[in-house]
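Chemist: What follows is a single structure, and I will ask about it in a moment.
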Amino acid sequence: MKQIIAFAGSNSSTSINKQLAIYAASLVEGVEVKVLDLNDFDLPLYGMDYEIAHGIPDNAKKFLDLIKSTDGIVLSLAEHNGAYATAFKNLFDWMSRIDGKLWSDKPMLLMATSPGGRGGATALEIAQGRFGYMGGNIVGSFSLPSFSDNFSDGKITNKELNSQLLEEVEQFAESL
């Protein structure tokens, strides 16, 4: 059986992006889903001086190993001030020091959500522009606007938006 990983680009214990990632992953049939939490991979703030003095932290290696060993990635990015959340960017930076093609060409469903009407679209656009250079194989993308208006009880409540996500999930599933 194929396995996918699902995680949020956030370290919030109440992450709306984690809720979206879990929901989207649950829609992929015939796979085992492993949900990851950035809080389980604590890392020091990336810096060249730290890397020279201490090397690359084990948690960056462990997370990268999980990416390399999976068949697909479901990632929902939090947007902080128009960019990735710091916790995700830090992990991303550490992993890139191990392997510049860190996404390993794994099929990826890339998403974002936010409380606002743009649904994390800016962070999503940044990732879509950057991840391809880093071994990203984005086969589907989705932005959920106004999270609290469109998501409840573990699922998207807006039928049109849910249909859009289902189309992206289908493309992702076909690429596994």
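Nothing in this text is a laboratory measurement; each read-out follows from the coordinates by a stated rule. None of the values given here were measured: they were computed from a predicted structure. Because the Cβ atoms are built from the backbone with ideal geometry, glycine has one as well, and the counts that use them run over all protein chains shown.
Chemist: If the requirement is being in contact (Cβ under 8 Å) with a residue 12 or more places away in the chain, touching a helix residue (DSSP H, G or I) at 6+ places or on another chain (Cβ under 6 Å) and part of a loop (DSSP other than H, G, I, E, B), which of these qualifies: LEU102, LEU109, LEU64? Walk me through how you get there before you give the answer.
Modeler: Details: LEU109 fails: part of a loop (DSSP other than H, G, I, E, B); LEU64 fails: part of a loop (DSSP other than H, G, I, E, B).
Just a single option satisfies the conditions, and that option is LEU102.
Chemist: When both residues are 6+ apart or on different chains and their Cβ atoms are under 9 Å apart, which pairs have a first residue that lies in segment 18-35 and is within 18 Å of ALA87 (Cβ to Cβ), and a second that is of a type in the set (Phe, Trp, Tyr) and in a strand (DSSP E or B)?
Modeler: From residues that are within 18 Å of ALA87 (Cβ to Cβ), the pairs are LYS18/PHE7; GLN19/PHE151; LEU20/PHE142; LEU20/PHE151; ALA21/PHE7; VAL35/PHE7.
Here's the yes/no breakdown for (1) of a type in the set (Ser, Thr, Tyr); (2) surrounded by fewer than 23 Cβ atoms within 10 Å (Cβ to Cβ); (3) in contact with a Phe, Trp or Tyr (Cβ under 9 Å, 6 or more places away or on another chain):
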position	(1), (2), (3)
GLN3	no, yes, no
SER13	yes, yes, no
ILE16	no, yes, yes
ALA21	no, no, yes
ALA25	no, no, no
VAL31	no, yes, no
ASP42	no, yes, no
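Chemist: Continuing with the same structure: Given the structure, is VAL35 surrounded by fewer than 19 Cβ atoms within 10 Å (Cβ to Cβ), of a type in the set (A, V, I, L, M, F, W, C) and either out of contact with any strand residue (DSSP E or B) (no Cβ under 8 Å at 6 or more places or on another chain) or at negative phi (or both)?
Modeler: On the way: surrounded by fewer than 19 Cβ atoms within 10 Å (Cβ to Cβ): yes; of a type in the set (A, V, I, L, M, F, W, C): yes; either out of contact with any strand residue (DSSP E or B) (no Cβ under 8 Å at 6 or more places or on another chain) or at negative phi (or both): yes.
Taking the combined requirement at face value, the residue satisfies it.
Chemist: Among residues belonging to segment 69-82 that are out of contact with any helix residue (DSSP H, G or I) (no Cβ under 6 Å at 6 or more places or on another chain) and surrounded by 12 or more Cβ atoms within 10 Å (Cβ to Cβ), point out the one that is farthest from VAL169 (Cα to Cα). Show your work before the answer.
Modeler: Step one: list which residues in segment 69-82 are out of contact with any helix residue (DSSP H, G or I) (no Cβ under 6 Å at 6 or more places or on another chain), which gives 69-73, 75, 80-81.
This time we only want the ones that are surrounded by 12 or more Cβ atoms within 10 Å (Cβ to Cβ), so: 69-73, 75, 80.
Values: SER69: 20, THR70: 17, ASP71: 14, GLY72: 11, ILE73: 11, LEU75: 12, HIS80: 25 Å.
Among those residues, the one meeting the criterion is HIS80.
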